[in-house]
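Here is the structure we will look at.
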Amino acid sequence: MAEDSRTLGVGVLGFGFMGRTHTYAHAAIPFYYDPQPVRVKLCAVCDAVEETARRAKVIGGFERWATDPLEVINADDVDIVHVSTPNQFHFEALEAAIAAGKHIYCDKPVTGSLQEADKLEALLEGYTGKAQVALQYRWFPATLRAKPVSYTHLRAHETSLHLVCRLLLE
C-alpha cells in the first residue's frame, strides 16, 4: 500500500499511446477535482523496450521503470495496475494482477479468446480488488446495440466480463 490510506500507488504496463493517456489522466486529477477524492502516486512504469521505459519514468514522473511487468505488478507500493500493453499480453498481466490482489484498469479488449475469458472468470473467484475496462467506444452504435442483445442472450451464470467477450467474439 502506498503512503497512506488516501494515496494509491499506480503502476502502468505499456507506455505507448494508451499508457501515456492513463498517466496523463492521473497527473490531471488535481486540476479537475478539488478536493481530490484520492491522491495517487506514480510508482512504476513498465515497457518491453528499455529505452521507452527509461524515458517514460522521466516523462510521466514515475519513481522507477522496469521491463518486466511482474516487477510492477508484485511491487508492494503499487495498488492499481493499468494494463496498457499490446492486446496479446493482457491475459498474462491480468492473471498476475488478480493473483496479486491489485486493483486493475485494463484497456479493451480484455482477452483475445473465449478460452482466456473463461480462465479469467475462474480466477475472479475470491478476487477482492476493483477492476474496470476502458471502453472508449461506449457510444458507438455497435456498442449500444450490444446492450439489448446481451439481455436477450444473457445466461444466469455468465459474468459481465464473460458476456462482453462472448458478444465480441461471436
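Tabulated values for the structure
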quantity	calculated
Extreme residue, nearest to Ile80 (Cα to Cα), among residues of region 25-47 that are assigned to a loop (DSSP other than H, G, I, E, B) and in contact (Cβ under 8 Å) with a residue 24 or more places away in the chain	Val38
Lone unmet requirement of (1) of a type in the set (Asp, Glu); (2) touching a helix residue (DSSP H, G or I) at 6+ places or on another chain (Cβ under 9 Å); (3) open to solvent by 70 Å² or more (accessible area, probe 1.4 Å) for Asp107	(3)
Selection within region 120-143 - open to solvent by 50 Å² or more (accessible area, probe 1.4 Å) and at pLDDT 80 or above	Ala122, Leu123, Leu124, Glu125, Gly126, Thr128, Lys130, Ala131, Gln132, Val133
Subset of region 46-62 [within 20 Å of His26 (Cα to Cα), over 16 Å from the mean Cα position of the chain (by Cα) and open to solvent by less than 90 Å² (accessible area, probe 1.4 Å)]	Thr52, Ala53, Ala56, Lys57, Ile59, Gly60, Gly61, Phe62
Which numbered condition Glu63 misses (of (1) under 16 Å from Thr21 (Cβ atoms); (2) touching a strand residue (DSSP E or B) at 6+ places or on another chain (Cβ under 6 Å); (3) not hydrophobic (A, V, I, L, M, F, W, C))	(1)
Filter result for the condition that a residue is within 18 Å of Gln132 (Cβ to Cβ) and open to solvent by 40 Å² or more (accessible area, probe 1.4 Å), over Gly101, Gly112, Gly9	Gly101
Residue that is of a type outside the set (Val, Ile, Thr), in contact with a helix residue (DSSP H, G or I) (Cβ under 7 Å, 6 or more places away or on another chain) and over 12 Å from Val10 (Cβ atoms), where the choices are Asp47, Asp34, Asp68, Asp76	Asp47
Within region 63-72, tally of residues that are closer than 23 Å to Thr111 by Cα and either in contact with a Gly (Cβ under 8 Å, 6 or more places away or on another chain) or open to solvent by less than 30 Å² (accessible area, probe 1.4 Å) (or both)	1
Index of the failed condition, Leu163 passing every other in (1) farther than 25 Å from Phe17 by Cβ; (2) at pLDDT 55 or above; (3) open to solvent by less than 70 Å² (accessible area, probe 1.4 Å)	(2)
Exclusive hit being more than 22 Å from Ala25 (Cβ to Cβ), small (Gly, Ala, Ser), open to solvent by less than 50 Å² (accessible area, probe 1.4 Å) and modelled with pLDDT of 95 or more, set Ala96, Ala75, Ala117, Ala146	Ala96
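The values are calculated or read from the model by the stated rules, or taken from the named source; none is laboratory data. Since the model is a prediction, treat every value here as computed from it, not as a measurement. Neighbour counts run over all protein chains shown; Cβ positions are idealised from the backbone, glycine included. Only protein heavy atoms, including side chains, enter the accessible area calculation; ligands, DNA and RNA are left aside. Shrake-Rupley method; radii C 1.70, N 1.55, O 1.52, S 1.80 Å.
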